[in-house]
1. Give the range 321-345 a look and list any residue that's under 21 Å from residue 291 (Cβ atoms) and surrounded by fewer than 20 Cβ atoms within 10 Å (Cβ to Cβ), or say none.
2. Under 6 Å between Cβ atoms, at least 6 apart or on separate chains: pull out the pairs that start in the range 284-300 with a residue that is modelled with pLDDT of 95 or more and surrounded by 22 or more Cβ atoms within 10 Å (Cβ to Cβ) and end on any residue that is small (Gly, Ala, Ser) and not in a loop (DSSP other than H, G, I, E, B).
3. Filter the range 53-88 down to the residues that are part of a helix (DSSP H, G or I) and hydroxyl-bearing (Ser, Thr, Tyr) and list them by number.
4. Residue pairs, Cβ under 6 Å, 6 or more apart or interchain, first in the range 50-70 and without any contact (Cβ under 8 Å) to a residue 60 or more places away in the chain and within 13 Å of residue 37 (Cα to Cα), second surrounded by 15 or more Cβ atoms within 10 Å (Cβ to Cβ) and of a type in the set (Val, Ile, Thr). List them.
5. Among the residues of the range 229-255 satisfying the criterion of being on the phi > 0 side of the Ramachandran plot and modelled with pLDDT of 85 or more, which is farthest from the chain's Cα centre (by Cα)?
6. Quick one: residue 173 ticks every box in (1) loosely packed, with under 13 Cβ neighbours inside 10 Å; (2) over 21 Å from the mean Cα position of the chain (by Cα); (3) of a type outside the set (A, V, I, L, M, F, W, C); (4) assigned to a loop (DSSP other than H, G, I, E, B) except a single one, so which number is it?
7. Those residues that are free of Cβ contacts under 8 Å to residues at least 60 places away in the same chain and either part of a strand (DSSP E or B) or under 13 Å from residue 285 (Cα atoms) (or both), I need them from the range 329-342; list them, please.
8. May I ask you to verify whether residue 206 is touching a Ser or Thr at 6+ places or on another chain (Cβ under 6 Å), polar (S, T, N, Q), surrounded by 16 or more Cβ atoms within 10 Å (Cβ to Cβ) and within 26 Å of residue 293 (Cα to Cα)?
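The values are calculated or read from the model by the stated rules, or taken from the named source; none is laboratory data. Everything quoted here is computed from the prediction, not taken from an experiment. So basically every Cβ, Gly included, is an ideal-geometry build from the backbone, and we count neighbours across all protein chains shown.
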Amino acid sequence: MNQYPTHTRRPWLQRLPGWTGAALMLALLGGVTYWCFGEMYHEGWWGPFYIRLVYLIPFALMLALTLTAFARPRLGGWLLLAAGLVLALLLMEPRLESGRLVIDHDFSGLVIAGSIALFGALFLWEARSRRRWLQQHGPAPQPGSWLRRHLPTVLALGIPALIIASISAVMLPVVLTRVDDGDRGARLIEGNGVTLIWAPEGPGWNWKQSWGGYPSWAAVALYGVAPAGMEPKAGYRRTDGSWEQLPTAAEMARTDLCRYLSADGLVLLDEAQNIWRMPTVDELVRSLGQHGANAGCTWEGQAIPAQAVCALRPDKETPLWAPDLSPVYYWAADEYDARRAYFVAYNGMVNATQKNGGNPRHSYRCVREP
């Protein structure tokens, strides 16, 4: 970011904040690029094309902030400070529960927000140092080399381009060759020591709720608690949506939604039929497949997150998954601890999250014996 010839060059201590800010911004830009494009291919490759673009919004914003900070450090510094503050407020998710202010702390997110604000301070320092130096020494001629004059911009564009090209070279062949036979009915999946019938599309598989998302592990587990349904349950979920107590794996085994499915898996009945149930982590992992073949995956209950060991690389394909829908994770019947439950990704990754969590990519699929 040096704009001065050797004889008028600022002392290196004065240039250090600018160098540090530039290096850290490039590192953060690279990380955001990797995350955005990786998640687009992993989670966002379904449905209309604009779904994919949503995942790239953070990348576009970070690239714009980086280019602005390199070209105009003062403006970029203030924008970075504002962006860090806004991101911190969003990640803290302040809300009222039973008349009390509750704030969730996303520690990793707050670290990123704080880093962005720090980078803004470094660029403001750089802008102040430049301004003082120019006031004392006057304008200096630009370096003769085009690359030296535009090096920050070249790096800000070149580093993401290399990352995008590398990720796309690996992931595009995968997502473009996915198998989808179009059958959303009940499917028999056997192999790798597991033989199960998986529920057809409907209340037993990818059942969206009125609010547009899929039910959480806790909501599935408590479906059969009177009154049967997704409504708040006394002693568990309050009418304002907050939770008093989370269900256990034992309650999942007694009252989960799957037990109320009709034999054909298409209708939820008033009384438990005990034909269908939620699958275990082991059953989900062993049923993963690729191009119609069982992937031969196993999971030994390692610390989470953990990648299952597979003979083939499993993918989001029929008959187990619906490639045209958003879910890329299935809830398992097992709980990790009192607050978290397991879920399995289509690529064999096993993890756990809050039982009362869930998002448009977390769903479930009931199973029964043949």
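1. The answer is 323, 324, 325.
2. 284/332; 295/289
3. Keep residues of the range 53-88 that are part of a helix (DSSP H, G or I), which gives 53-54, 57-71, 73-88.
Of everything in the range 53-88, those that are part of a helix (DSSP H, G or I) and hydroxyl-bearing (Ser, Thr, Tyr) turn out to be 66, 68.
4. 58/32
5. Of the range 229-255, the ones on the phi > 0 side of the Ramachandran plot are 229, 235, 241.
Narrowing the set further to residues that are modelled with pLDDT of 85 or more leaves 229, 235.
Values: 229: 28, 235: 31 Å.
Among those residues, the one meeting the criterion is 235.
6. Every listed condition holds for residue 173 apart from (4).
7. Here is the first cut: in the range 329-342, the residues free of Cβ contacts under 8 Å to residues at least 60 places away in the same chain are 329-330, 332, 336-337, 340.
329, 330, 332, 340 - these are the residues of the range 329-342 that are free of Cβ contacts under 8 Å to residues at least 60 places away in the same chain and either part of a strand (DSSP E or B) or under 13 Å from residue 285 (Cα atoms) (or both).
8. Numbers: touching a Ser or Thr at 6+ places or on another chain (Cβ under 6 Å): yes; polar (S, T, N, Q): yes; surrounded by 16 or more Cβ atoms within 10 Å (Cβ to Cβ): yes; within 26 Å of residue 293 (Cα to Cα): yes.
So residue 206 passes the test.
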